[in-house]
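Chemist: Would you mind keeping the following structure in view while I ask a few things?
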Amino acid sequence: MKNTNFKLFGLLSASLILVVFTLSPLIWLIIMSVSSAAELTAKPLVWWPDTIDFSRYSDLLNMDSGSGERFLMALRNSLITAITATLMALIISIPAAFAFSRRGASLVLLFGFLATIMMPPITYILPLYNIFGSLSLLNSSTALAIVYCAMLLPFATWLMKSNFDAIPAELDQASMLEGASTFYTLRRVILPLALPAIAATFMLSFLAAWDEFFYALIFTSDLSTKTLPVAIADFTAGRVTDYGVIAAVGVLASLPPAIVAMCFQRFIVSGLTAGSVKG
Amino acid sequence: MIIKKLLPMSMLALATSMAFADTELNALFMSQAAYSEADIKAMTAEFEENNPGISVALEFVPYEALHDKIITSAAAGTNGYDIVLYDVVWPAEFAEGGFLTDVTDRVPKDLGNQIFDGAWTTVTYNSRIFGMPWILDTKYLFFNREMLSQAGIETPPSTWAEVMEQSQILKDKGVVKYPLVWSWSQSEAMICDYTTLVAAHGGSFFEGAKPAFNKDGALAAIDYMATSLKSGLTNPASTEYFEEDVRRVFSNGEAAFALNWTYMNALVNDPSESKVAGKIGVMPAPGVKGVSEASAVNGSMGLGIPSNSAHKDEAWALISYLTDKKVQENYAKLSLPVWKESYSVKSVTEGQEELVSAASKAIAVMSPRPVVPAYTEVSNILQKHLHSILLGEESSEDALADAVKRVSRIR
Amino acid sequence: MVINKRLEKWALLSPALVVLGLVTLVPFVQTLWLSFTDERITAISKPVNWIGLENYIYAITDPDFIEALGRTIYFTLTSVGIEGVLGVAVALLLNQKFPGRNVLRFLIILPWAVPTIVNAIMWRLIYHPEYGALNSFLWQMGIIPDYQSWLGTPGRALNMIIFADIWKNFPLVVYISLAALQTVPMDLLQASRIEGAGAWRRFRTITLPWIMGPLLVVLVLRTIEAFRVFDIVYVMTRGGPSDSTKTASFFVYQEYFNYLRSGSGASYAVLLAAISTVLISIYYIGARRQAQG
């Protein structure tokens, strides 16, 4: 009994350290976003604001304020680019994964797919920049979505393939024997069973696209296409008097991925482990 | 007399009647020193009003991203920019690479003498002109009068040695922990501070085509910087600061001296931005006894038209408007005009007499940073080695000798 | 039928092949070609010359590049190494039964959801030499006598960035390891315990080999990401102080877009690609062998 109590105490204190380590930077970011500018430049710092000030959030969410326009446009661009790229990657990777899993496509080719993401983006950037330039696609969300799609595709294909492998082949064979087309089989038999995998792939792809900075930095040049990471980097390096605004931008930009991660979190585990155990 | 008055008016009428087809201009500006975003928005709004058919889309990036943005948008064809703001150190590189439109034939011939030479160098390379000067800027020495008087110092320093002496007094008397704050992060901002000090010490970066920053005044300048850090007079956080950090620390009343651009004058005296409003003095950066009276870096910037712009006439119209004497005089708080005459115009001088008189002295002694097509690389090499001296990693002789070697290896 | 099947296979693969071909293969080949030329980024066309191996010879004798490369490898190994150890340790903790465990499992994903750029600015604010929370906290606790310049001191700056990177990325390792831990057969552990194996031995001989597969996948993924590190450096230090955080990707970025030497930049990029491949292969083969042996 004494032993288990001791163990419980150990577990709880380890957990406490973990919670502090994980959450304190985030909580501080949120506190900063509602503290007054004077409190944020006090020495030593004021850890809790006198009055809680939400004005930065209302500014950022108001299209008519300068920072609001920047933020909301960037939010829109990020959503468009990340969602388009993620959907394209899913639509393209599912048939490819099926070919790898059921039609005997060579695994060497799959390794070739994966090899493309092992290369640092700096290896591709300059020719891509020239190609998009000659197609008049620089500074457009289309170019970014295409690049992101290619960036997400190998991993999505591999993840879907491993999950398809876990679905008994008899199911689709039976369907095919009844004369159904491959497309029908894929849609009606395989995909419903692979929903958790699709959710996991969607989530991981969306987060990766949302996070991407390097291509966006080089391919976008104005408000109409800049994504959030680039807008935030530009915004925070410029003339900002108030650290609280930076913090508020950070909080708002983390919300979409945080929500996606929270909603889909049980799927990553199932999706990824099916992938990694088999793959 | 009447003709003189009528002429500009008729020209204005001509300009406004020249209707442009519906075009949207993309313009690239920076969001740090000089004109604020609000100023630039107001100016372009006036321009749009006078020029129906043209609308201007503004893009603001930090100075640190400006160069790369101009380069990476060059291949963007008509999706790129029509007007870009660029720094005095880039025309050589941009002209060699064909990034900017040669506008020598567009610039009215009679402007030559009306605008300061230091401003013209911003847009000129090999006697061709690549835009119009817009920001005539240099780094001034700001000082906190209240702190000086608390320490019993009656006159602000007139040499860099006195800056150090007075800082020592301020520190010893406990008036302020770190009397000096600078923008010495590994960046162009540090090079600007360094150039000011090199000029003060009578040094030079190059002798002919040969790098010469490892001796004489250039060596003395970096030694001055390193000593001020070592003796605890300079805020040690300076080595990660940009201009905005300097402004924040100085506005917070945590430094007695700071070197910064024109724009800080208005903002540090604005009570909503600063705790030390009204207590601040501004003067040209001082000199070194027996060598120089004052020192300054040429930090001017110009407006140009990227060669891929499809709307060069409209872009030129906007540039002409933004660099117009009257327009500049209306927005003279954060950045002073490039026009000589403006410095005696009341609307410019009023309320900032001290700044304008400092400017008149500083503009006369402005020193350039090296004019070479590989400037960006020279600057990066210098930044790295100067920084290692400031951080006490290397001796100034060794580090600068390395830098010279590295600069000669540039391909 | 066979021909149909084969056709169908390629039909299913073709969209992926087209996208990857155009966006990765073609650019890669072009970069390879560029690396043997003296091309520069210009807005006017200038003649481009084939200069053979000149760029490569310059690159491998360029001390700045070697330093940047060393820094990148240090960054990669340190952050991925610590993320691996910390991730598995936390996963083991969360695999125990205790009150609040599920809440903890839920919360721990949050850092990972924070975008890299936001993570970078958040830590930049925390590390701020004058108004940062870290200085204020340590000073109030009496741990440091004076405020420190966390990102302004060579040697320290890179480690501070690594810390920020670990904070954001260790949850992914936790999640994967935790999922894998739940598949470890209880009877194996039980049997080993009866044989008298201590906790550490049970972990070494049963648990770790069992979770090695998934763990390896996530560590390889993290290695790929860490080796290309650019964004967090771009925002936190821009390579300073005194180049001490200038990573290889940042170095090549400068060669391209600051110095406009596309030919030479391409040769650095190709070298990076090669090293990245080698690094990941070594890692993978080594860890596989460890898992089996």
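The values are calculated or read from the model by the stated rules, or taken from the named source; none is laboratory data. Bear in mind the structure is a predicted one, so any value in this text is a computation, not a measurement. We place every Cβ from the backbone using ideal geometry, glycine too, and count neighbours over all the protein chains shown.
Chemist: Any idea how many residues of the range A:129-145 are in contact (Cβ under 8 Å) with a residue 60 or more places away in the chain, of a type outside the set (Gly, Ala, Ser) and part of a helix (DSSP H, G or I)?
Modeler: The initial filter retains those residues of the range A:129-145 that are in contact (Cβ under 8 Å) with a residue 60 or more places away in the chain, namely A:129, A:132, A:138-141, A:143-145.
Pick out the ones that are also of a type outside the set (Gly, Ala, Ser) and you get A:129, A:132, A:138-139, A:144.
Remaining after also requiring part of a helix (DSSP H, G or I): A:129, A:132, A:144.
Number of matching residues: 3.
Chemist: So, C:Arg193, is that one closer than 25 Å to C:Gly52 by Cα, more than 25 Å from the chain's Cα centre (by Cα) and of a type in the set (D, E, K, R) or not? Walk me through how you get there before you give the answer.
Modeler: Values: closer than 25 Å to C:Gly52 by Cα: no; more than 25 Å from the chain's Cα centre (by Cα): yes; of a type in the set (D, E, K, R): yes.
Taking the combined requirement at face value, the residue does not satisfy it.
Chemist: Which of the helices (runs of 4 or more DSSP H) found entirely inside the range B:21-127 contain at least 2 residues meeting this: more than 12 Å from chain A (Cβ to nearest Cβ)? Before the answer, list the steps.
Modeler: Working: elements: B:37-50, B:63-72, B:91-96, B:117-121.
The helices (runs of 4 or more DSSP H) meeting that bar are B:37-50, B:91-96, B:117-121.
Chemist: When you check C:Gly155 against the structure, is it within 14 Å of chain B (Cβ to nearest Cβ), at positive phi and over 19 Å from the mean Cα position of the chain (by Cα), yes or no?
Modeler: On the way: within 14 Å of chain B (Cβ to nearest Cβ): yes; at positive phi: yes; over 19 Å from the mean Cα position of the chain (by Cα): yes.
Yes.
Chemist: Let me ask you something else. Just name the residue that is surrounded by the fewest Cβ atoms within 10 Å (Cβ to Cβ) out of those in the range C:82-103 that are within 11 Å of A:Leu12 (Cα to Cα) and free of Cβ contacts under 8 Å to residues at least 12 places away in the same chain.
Modeler: As a first pass, look at the range C:82-103 and keep what is within 11 Å of A:Leu12 (Cα to Cα): C:93-94, C:96-101.
If we keep only those that are free of Cβ contacts under 8 Å to residues at least 12 places away in the same chain as well, we get C:93, C:96-101.
Numbers: C:Leu93: 19, C:Gln96: 13, C:Lys97: 7, C:Phe98: 16, C:Pro99: 10, C:Gly100: 13, C:Arg101: 15.
Ranking the candidates gives C:Lys97 first.
Chemist: Quick check: is even one residue across the range C:32-47 hydroxyl-bearing (Ser, Thr, Tyr) and at pLDDT below 95? Lay out the reasoning, then the answer.
Modeler: Let us first name the residues in the range C:32-47 that are hydroxyl-bearing (Ser, Thr, Tyr), namely C:35, C:37, C:42, C:45.
If we keep only those that are at pLDDT below 95 too, we end up with C:42, C:45.
Yes, that holds for at least one residue.
Chemist: Looking at the range B:17-76 only, could you name the residues that are of a type in the set (Gly, Ala, Ser) and under 17 Å from the mean Cα position of the chain (by Cα)? It would help to see each step written out before you state the result.
Modeler: Filtering the range B:17-76 for residues of a type in the set (Gly, Ala, Ser) gives B:17, B:19, B:21, B:27, B:31, B:33-34, B:36, B:38, B:42, B:45, B:53, B:55, B:57, B:65, B:73-76.
Selection gives B:Ser31, B:Ala33, B:Ala34, B:Ser36, B:Ala65.
Chemist: Kindly indicate which of A:Ser93, A:Ser35 is out of contact with any strand residue (DSSP E or B) (no Cβ under 8 Å at 6 or more places or on another chain) and more than 8 Å from chain C (Cβ to nearest Cβ).
Modeler: Numbers: A:Ser93 fails: more than 8 Å from chain C (Cβ to nearest Cβ).
Checking each option against the conditions leaves just A:Ser35.
Chemist: When you scan the range C:116-135, do you find a residue that is in a loop (DSSP other than H, G, I, E, B), more than 29 Å from A:Ser36 (Cα to Cα) and charged (D, E, K, R), even just one?
Modeler: Step one: list which residues in the range C:116-135 are in a loop (DSSP other than H, G, I, E, B), which gives C:127-132.
After this cut, where a residue has to be more than 29 Å from A:Ser36 (Cα to Cα) as well, the list is none.
The answer is no; no qualifying residue exists.
Chemist: Okay, next question. Have a look at A:Pro120, A:Pro95 and point out the one that is crowded, with 21+ Cβ neighbours inside 10 Å and in a loop (DSSP other than H, G, I, E, B).
Modeler: Values: A:Pro95 fails: in a loop (DSSP other than H, G, I, E, B).
The match here is A:Pro120.
Chemist: Is it true that A:Phe213 is under 24 Å from C:Ala248 (Cα atoms), within 14 Å of chain B (Cβ to nearest Cβ), out of contact with any Leu (no Cβ under 8 Å at 6 or more places or on another chain) and of a type outside the set (A, V, I, L, M)? Break it down into steps so the answer makes sense when it comes.
Modeler: Working: under 24 Å from C:Ala248 (Cα atoms): yes; within 14 Å of chain B (Cβ to nearest Cβ): yes; out of contact with any Leu (no Cβ under 8 Å at 6 or more places or on another chain): yes; of a type outside the set (A, V, I, L, M): yes.
Considered against the rule, which asks whether it is under 24 Å from C:Ala248 (Cα atoms), within 14 Å of chain B (Cβ to nearest Cβ), out of contact with any Leu (no Cβ under 8 Å at 6 or more places or on another chain) and of a type outside the set (A, V, I, L, M), A:Phe213 comes out as yes.
Chemist: Working only within the range A:96-109, note down all residues that are of a type outside the set (S, T, N, Q) and within 10 Å of chain C (Cβ to nearest Cβ). I'd like the intermediate steps shown before the answer.
Modeler: Of the residues in the range A:96-109, the ones of a type outside the set (S, T, N, Q) are A:96-100, A:102-105, A:107-109.
Residues satisfying the conditions are A:Ala96, A:Ala97, A:Phe98, A:Ala99, A:Phe100, A:Arg102, A:Arg103, A:Gly104, A:Ala105, A:Leu109.
Chemist: Tell me, which residue of the range C:239-260 that is facing another protein chain (nearest Cβ under 7 Å) and in a loop (DSSP other than H, G, I, E, B) is surrounded by the fewest Cβ atoms within 10 Å (Cβ to Cβ)?
Modeler: Restricting to residues being facing another protein chain (nearest Cβ under 7 Å) and in a loop (DSSP other than H, G, I, E, B), the top hit is C:Asn258.
Chemist: Look through B:Lys173, B:Lys177 and report the one residue that is basic (Lys, Arg), surrounded by fewer than 21 Cβ atoms within 10 Å (Cβ to Cβ) and in contact with an Asp or Glu (Cβ under 8 Å, 6 or more places away or on another chain). Before you say what the answer is, go through the steps one by one.
Modeler: Details: B:Lys173 fails: in contact with an Asp or Glu (Cβ under 8 Å, 6 or more places away or on another chain).
Just one listed residue meets the conditions, B:Lys177.
Chemist: Among the residues of the range B:188-238 satisfying the criterion of being surrounded by 20 or more Cβ atoms within 10 Å (Cβ to Cβ) and touching a Pro at 6+ places or on another chain (Cβ under 6 Å), which is farthest from the other protein chains (Cβ to nearest Cβ)?
Modeler: Per the criteria, the residue is B:Phe205.
Chemist: Please identify the pairs in which a residue from the range A:156-173 that is without any contact (Cβ under 8 Å) to a residue 24 or more places away in the chain has its Cβ atom under 8 Å from the Cβ atom of a residue that is surrounded by fewer than 24 Cβ atoms within 10 Å (Cβ to Cβ), counting only partners at least 6 apart or on another chain.
Modeler: Going by the 8 Å Cβ cut-off, the qualifying pairs are A:Leu171/A:Val189; A:Leu171/A:Ile190; A:Leu171/A:Leu193.
Chemist: So B:Ala266 fits all but one of (1) out of contact with any helix residue (DSSP H, G or I) (no Cβ under 8 Å at 6 or more places or on another chain); (2) aliphatic (A, V, I, L, M); (3) in a strand (DSSP E or B); what number is the exception?
Modeler: Going through the list (1) out of contact with any helix residue (DSSP H, G or I) (no Cβ under 8 Å at 6 or more places or on another chain); (2) aliphatic (A, V, I, L, M); (3) in a strand (DSSP E or B), B:Ala266 breaks only (3).
Chemist: Go through the range B:96-123 and give me each residue that's within 15 Å of B:Leu303 (Cα to Cα), without any contact (Cβ under 8 Å) to a residue 60 or more places away in the chain and not charged (D, E, K, R).
Modeler: B:Thr104, B:Val107, B:Trp120
Chemist: Moving to a separate point now. Given the criteria within 14 Å of chain B (Cβ to nearest Cβ) and assigned to a helix (DSSP H, G or I), does C:Leu172 qualify?
Modeler: On the way: within 14 Å of chain B (Cβ to nearest Cβ): no; assigned to a helix (DSSP H, G or I): yes.
Spelling it out, it is not the case that C:Leu172 is within 14 Å of chain B (Cβ to nearest Cβ) and assigned to a helix (DSSP H, G or I).
Chemist: A further question on this structure: Filter the range A:32-56 down to residues that are in a helix (DSSP H, G or I), among the hydroxyl-bearing types (Ser, Thr, Tyr) and either in the same structural domain as A:Val230 (by TED's automatic domain parsing) or surrounded by fewer than 17 Cβ atoms within 10 Å (Cβ to Cβ) (or both), then give me how many there are.
Modeler: Of the residues in the range A:32-56, the ones in a helix (DSSP H, G or I) are A:32-34, A:37-40, A:55-56.
When the remaining residues are screened for being among the hydroxyl-bearing types (Ser, Thr, Tyr), the result is A:33, A:55.
Of the ones still in play, those that are also either in the same structural domain as A:Val230 (by TED's automatic domain parsing) or surrounded by fewer than 17 Cβ atoms within 10 Å (Cβ to Cβ) (or both) are A:55.
Residues that pass the stated criteria total 1.
Chemist: How many residues, within the range C:117-137, are of a type in the set (Ser, Thr, Tyr) and free of Cβ contacts under 8 Å to residues at least 12 places away in the same chain?
Modeler: As a first pass, look at the range C:117-137 and keep what is of a type in the set (Ser, Thr, Tyr): C:127, C:131, C:136.
Now narrow it down to the ones that are free of Cβ contacts under 8 Å to residues at least 12 places away in the same chain: C:131, C:136.
Here the count works out to 2.
Chemist: Sticking with this structure for a sec: Any idea which of C:Arg261, C:Arg204 is without any contact (Cβ under 8 Å) to a residue 12 or more places away in the chain and of a type in the set (Lys, Arg)? Talk me through it step by step, then tell me what you get.
Modeler: Working: C:Arg261 fails: without any contact (Cβ under 8 Å) to a residue 12 or more places away in the chain.
On inspection, the qualifying residue turns out to be C:Arg204.
Chemist: Taking the criterion of being surrounded by fewer than 24 Cβ atoms within 10 Å (Cβ to Cβ), within 9 Å of another protein chain (Cβ to nearest Cβ) and at pLDDT 90 or above, would at least one residue in the range A:268-277 satisfy it?
Modeler: no
Quick grid of which residues meet (1) hydrophobic (A, V, I, L, M, F, W, C); (2) more than 29 Å from B:Ser183 (Cα to Cα); (3) surrounded by fewer than 22 Cβ atoms within 10 Å (Cβ to Cβ):
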{"position": "C:Val114", "(1), (2), (3)": "yes, yes, no"}
{"position": "C:Glu130", "(1), (2), (3)": "no, no, yes"}
{"position": "C:Gln140", "(1), (2), (3)": "no, no, yes"}
{"position": "C:Leu151", "(1), (2), (3)": "yes, no, no"}
{"position": "C:Ser177", "(1), (2), (3)": "no, yes, no"}
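Chemist: From A:Leu18, A:Leu29, grab the single residue that is under 16 Å from C:Val103 (Cα atoms), part of a helix (DSSP H, G or I) and at the interface with another protein chain (Cβ under 10 Å from one of its Cβ atoms). Spell out the reasoning first.
Modeler: Values: A:Leu29 fails: under 16 Å from C:Val103 (Cα atoms).
The match here is A:Leu18.
Chemist: Consider C:Phe65 carefully, then state whether it is more than 14 Å from chain B (Cβ to nearest Cβ), among the aromatic types (Phe, Trp, Tyr), touching a residue at least 60 places away in the same chain (Cβ under 8 Å) and surrounded by 17 or more Cβ atoms within 10 Å (Cβ to Cβ).
Modeler: On the way: more than 14 Å from chain B (Cβ to nearest Cβ): no; among the aromatic types (Phe, Trp, Tyr): yes; touching a residue at least 60 places away in the same chain (Cβ under 8 Å): yes; surrounded by 17 or more Cβ atoms within 10 Å (Cβ to Cβ): yes.
Considered against the rule, which asks whether it is more than 14 Å from chain B (Cβ to nearest Cβ), among the aromatic types (Phe, Trp, Tyr), touching a residue at least 60 places away in the same chain (Cβ under 8 Å) and surrounded by 17 or more Cβ atoms within 10 Å (Cβ to Cβ), C:Phe65 comes out as no.
Chemist: Shifting gears a bit: For the range A:161-203, give me each residue that is more than 24 Å from C:Leu7 (Cα to Cα) and polar (S, T, N, Q).
Modeler: A:Thr201
Chemist: Can you name the number of the only condition in (1) out of contact with any strand residue (DSSP E or B) (no Cβ under 8 Å at 6 or more places or on another chain); (2) surrounded by 20 or more Cβ atoms within 10 Å (Cβ to Cβ); (3) within 30 Å of B:Ile70 (Cβ to Cβ) that B:Leu391 fails?
Modeler: (3)
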